[in-house]
Amino acid sequence: MMSPPPAPLALTLDSAALRHNWQWLAGQSYGAACGAAVKADGYGLGAVEVVQHLRAAGCRDFFVATWAEALALHPHLGDAGLSVLHGVRAEDMTIATSLGARPVLNTPDQIARWREAGGGPCDIMIDTGMHRLGLDPRTLSSDLLDGLEIDTVMSHLACADEEHPLNNLQRTIFADIASKVDAKRVSLANSAGILLGRDFAFDLTRPGLALYGGIPRAEAEGNIRQVVRPRAQILQRRTVRSGEFVGYGATYVADREREVAVLNIGYADGYFRGFSGKGHAQADDGSILPIMGRVSMDLIAIDVTGRPSLAEGDWLEIAFELSQCASLSGLSQYELLTSLGSRFDRHWI
Ligand SMILES: *Cc1c(COP(=O)(O)O)cnc(C)c1O
């Protein structure tokens, strides 16, 4: 069997930064346990490695969306708990009753299904105004939850990344309902919710984005470290003369003689067209090497004028500070992370 050569593009994933971010968020959780949302393959980084690094840091509560995600993580959990946010469909029951992860029950049907199957520990999600997943408080009669072994009662904030009246409203509604539910723990805050302060921490927080270097609110600036650094290899170096163009649509026209490095990364890797003419690579000394013209499916062109040492086969880091890249590209920090494609080699350091 032949194995593929090293990929011409790679993610450097900083485990010390990941652990630092979790520790900082745990420190902002006012004594509540701090968990970790690792759905969507750990927001694109690789959920297995994320779980291993965060367990070593002390994290004991993980959250995924689906049972396929739960199955993949199961061998790596040790004594840590795992909650499956989308609950249980009929098709999930075989695996859900054998795995030991907790479904987060969202509907009366899911509750009935879990109870009839003999159940076991579960979580429940209360909708406090977002109207996405979760039990409608108007349907919450005492017998609805009868006989459930509820570990965590949770809800989810719709606007925690903004100053918004819904934050306190959802908190108040949730605190009232949670006080009437017989559960071991109460949980409300995602990354942004943690930064709303003590009243939002309850017993367990559930950060995702900020673990991976995202800045959900200004309070995180300077405290959250970049975890993901994409790099790509130079496939070709060339000179364009004044008036010549680069890339699709001929949107970049050289104002004078320019040096071009063509890098092996494009929108099929999650480096989207919104970075056309806006993103940049950075040289080892930190200086900026702007993108010339449009991002292609598998390639970008970078201005390396005055950098004669950069040659075919060399690697360049692509700037990927999430909050800056979100404003540049028009994408959310979440989309930037979760779109990082399968063609990257992922190197944990
Ligand atoms: C994804 C998710 C989180 C984590 O949210 P971030 O904004 O990434 O911190 C927490 N709770 C629930 C229910 C989620 O779906």
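Derivation of every value follows stated rules applied to the coordinates shown; laboratory data play no part. Source: prediction; values computed, not measured. Backbone-built Cβ (ideal geometry, glycine too); neighbour counts: all protein chains shown.
With both partners inside the chain, how many of the DSSP beta bridges are antiparallel, as a percent to the nearest 5? Here the share of antiparallel DSSP bridges comes out near 50 percent.
Can you give the translational diffusion coefficient of the range 228-320 in µm²/s, computed by Stokes-Einstein from the Kirkwood radius over Cα pairs at 10 °C and 1.306 mPa s?
Translational diffusion coefficient: 123 µm²/s.
Remark: the chain is approximated by an ellipsoid whose semi-axes, taken from the C-alpha gyration tensor as √(5λ), come to 44, 21, 17 Å, largest first. Viscosity 1.567 mPa s, temperature 4 °C: Stokes-Einstein D of the range 231-276 from its Kirkwood Cα radius, in µm² per second? Approximately 110 µm²/s, per Stokes-Einstein. Considering helices alone, the calculated mean residue ellipticity of the chain at 222 nm is -7000 deg cm²/dmol, with DSSP H runs of length four and up weighted by -39500 (n - 2.57) and normalised per residue. Taken along the Cα-to-beta-carbon direction at a fixed 7 Å, the label points for residue 242 and residue 283 span 2.3 nm. Computing FRET efficiency as 1/(1 + (r/R0)^6) for residue 144 and residue 91, where r is the C-beta to C-beta distance and R0 is 30 Å, gives about 0.85.
Computed from the Cα positions only, the extents of the range 15-216 along the three principal axes stand at 46, 41, 24 Å, in decreasing order. The alpha carbon convex hull volume per residue for the range 17-94 rounds to 93 Å³. Rg and Dmax, both from the Cα atoms of the range 164-228 and both in Å, are 13.3, 42.
Each residue of the range 327-338 is assigned a 3J(HN,Hα), and the resulting list reads 5, 5, 8, x, 9, 7, 4, 5, 5, 4, 5, 6 Hz, derived from the Karplus form 6.51 cos²θ - 1.76 cosθ + 1.60 (θ = phi - 60°), x at Gly and Pro.
To the nearest 0.05, what FRET efficiency results for residue 219 and residue 273 with a Förster distance of 30 Å applied to their C-beta separation?
It comes to 0.40.
Using alpha-carbon positions, what is the distance between the centroids of the range 228-270 and the range 308-349, in Å? Answer, in whole Å: 16. When the Kirkwood radius is taken over all Cα pairs of the range 127-192, what Stokes-Einstein diffusion coefficient follows at 4 °C and 1.567 mPa s, in µm²/s? The estimated diffusion coefficient comes to 103 µm²/s.
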